[in-house]
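For reference, the structure is listed below as structure tokens.
We did not get these values from a lab; they are worked out from the coordinates using the rules stated. Everything numeric in this text was worked out from a predicted model, so none of it was measured. Cβ sites come from the backbone with ideal geometry, for glycine too, and all protein chains shown count toward neighbours.
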Amino acid sequence: MTFRKIALATAALALMPSAQASEVFEQAKITAGEMLYKVECRRCHAADSSDPSYGPPLENVIGRGAGTFPDYDYSEALATSGIVWTPAALRAWMEDNTGFLPGTKMRHVGIEDRTVQDFILTYLASLSAVEKQ
């Protein structure tokens with residue numbers, strides 16, 4: 001699905017009953033977030049733990065303690081940080097991970113656009129059991 005199709009689908013929401021429009025809009029945000037995730041995050045992180053990746057997978061990342069995914073060699077800074085990946089913590093990480101937690105081995109991300117962050121967070125929430133409950 002392209003961004004143009006997402007925009008057209010979003011415009012059609014005005015013609016739908018409120019509950020249905022809300023569901024369609026949420027799915028559009030997830031789809032947009034997945035597309036942005038693939039551009040910004042996938043080169044290092046898989047969305048599914050069964051898919052090999054350089055960095056730890058981001059499936060069920062919301063609610064997970066930072067540096068706790070099994071069998072990944074985290075930096076000491078991240079492994080001992082005590083951070084829990086909440087949407088707010090993930091937003092700060094996306095914007096400036098090296099400023100948020102000095103000593104991490106992950107390269108600087110720098111996703112400063114809050115709308116892009118929102119879409120990626122919506123997608124990550126769709127992959128996280130904590131957010132689905």
Checklist entry - Along segment 78-86, what does the Karplus equation 6.51 cos²θ - 1.76 cosθ + 1.60 (θ = phi - 60°) give for ³J(HN,Hα), rounded to whole Hz, x for Gly and Pro? => result 6, 5, 9, 6, x, 6, 10, 6, 8
Checklist entry - Does anyone have the angle between helix 87-100 and the longest principal axis of the chain? Alpha-carbon axes, 0 to 90°, nearest 10? => result 50
Checklist outcome for this item: Among G103, G55, G63, the residue with the largest mean-square fluctuation in a Gaussian network model of the chain built from Cα contacts under 10 Å is G103
Checklist entry - Hey, any idea what the orientation-averaged projected area of the convex hull of the chain's Cα atoms comes to, in nm²? => result 8.7
Next on the checklist: Quick one: 3J(HN,Hα) in Hz for segment 23-28, Karplus 6.51/-1.76/1.60 with θ = phi - 60°, rounded, Gly and Pro as x.
Outcome noted: 5, 5, 5, 4, 5, 5
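Could you sort 41-47, 76-82 so that the peptide with the highest average Cβ count within 10 Å comes first and the rest follow in order? The partial results should precede the final answer.
Working: 41-47: 16.3, 76-82: 14.0.
Ranking, from highest mean packing down: 41-47, 76-82.
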Checklist entry - Around L58, which amide H atoms from residues at least 5 apart in sequence, or from another chain, sit under 5 Å from its own amide H, with H modelled in the peptide plane? => result A46, A47, D48
Checklist entry - Once the piece of chain linking D73 and R42 is laid out straight, how much longer is it, given 0.36 nm per residue of separation minus the C-alpha distance between them? => result 9.3 nm
